[in-house]
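Presented below is the structure to which this report refers.
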Amino acid sequence: MASVINNIIQKGKAEGRREAEERFKQKEKQWYKEKNALETENGEMISTFVIIAQKLMLNHGLSARQACDQLGYSANIRKKVLPFLMS
């Protein structure tokens, strides 16, 4: 009788583990989709910031740093934008 109960408990543990692993895999897939979407969105925003700065540089004869100053870009945005403007 004890072995039957232990067998049922072991099957329950295995099923619970499989369900937990499946839920984790689903969450992981969802996380990767969200991460990719955010990375794409981030890239698009940086491109927009670069284009705006380039237009300001051309229209007003500013340097890359001056354009970033004029636009009020934060230090983090500057780190990402300046390499594109200075290349």
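Some notes on this structure:
- Placing a pseudo-label 7 Å from each Cα along the Cα-to-Cβ vector at ILE52 and ALA37 gives an inter-label distance of 2.3 nm.
- Computed lengthening from GLU28 to ASN59, 0.36 nm per intervening residue step minus Cα-Cα distance: 6.5 nm
- Share of Cα-Cα pairs in the chain lying beyond 21 Å, as whole percent: 57 percent
- Pairwise label distance in nanometres, SER87 with ILE8, each label 7 Å out on the Cα-Cβ vector: 6.6 nm
- Farthest toward the positive end of the dipole of the chain, out of MET45, LEU82, TRP31, is the Cα of TRP31, where the dipole comes from beta carbon charges about the Cα centre.
- Surface accessible to a 1.4 Å probe, per residue, for the residues of the chain, Å²: 83 Å²
- Build a GNM of the chain with springs between Cα atoms under 10 Å apart, and of GLU28, GLU44, GLU19 the one that fluctuates most is GLU19.
- In order along region 51-61, the Karplus-derived 3J(HN,Hα) couplings, from 6.51 cos²θ - 1.76 cosθ + 1.60 at θ = phi - 60°, round to 4, 4, 5, 4, 4, 5, 4, 5, 6, 10, x Hz, and Gly and Pro are given as x.
- Estimated vicinal HN-Hα couplings, Hz - region 29-40 in sequence order (Karplus 6.51, -1.76, 1.60; Gly, Pro = x): 4, 4, 4, 5, 4, 5, 4, 5, 5, 5, 5, 5
The values are calculated or read from the model by the stated rules, or taken from the named source; none is laboratory data. Predicted model only: the values in this text are computed from it and were never measured. Neighbour counts are summed over all protein chains in view; Cβ atoms, including those assigned to glycine, are modelled from backbone coordinates with ideal geometry. Protein only, heavy atoms only, side chains kept; ligands, DNA and RNA dropped before computing areas. Shrake-Rupley method; radii C 1.70, N 1.55, O 1.52, S 1.80 Å.
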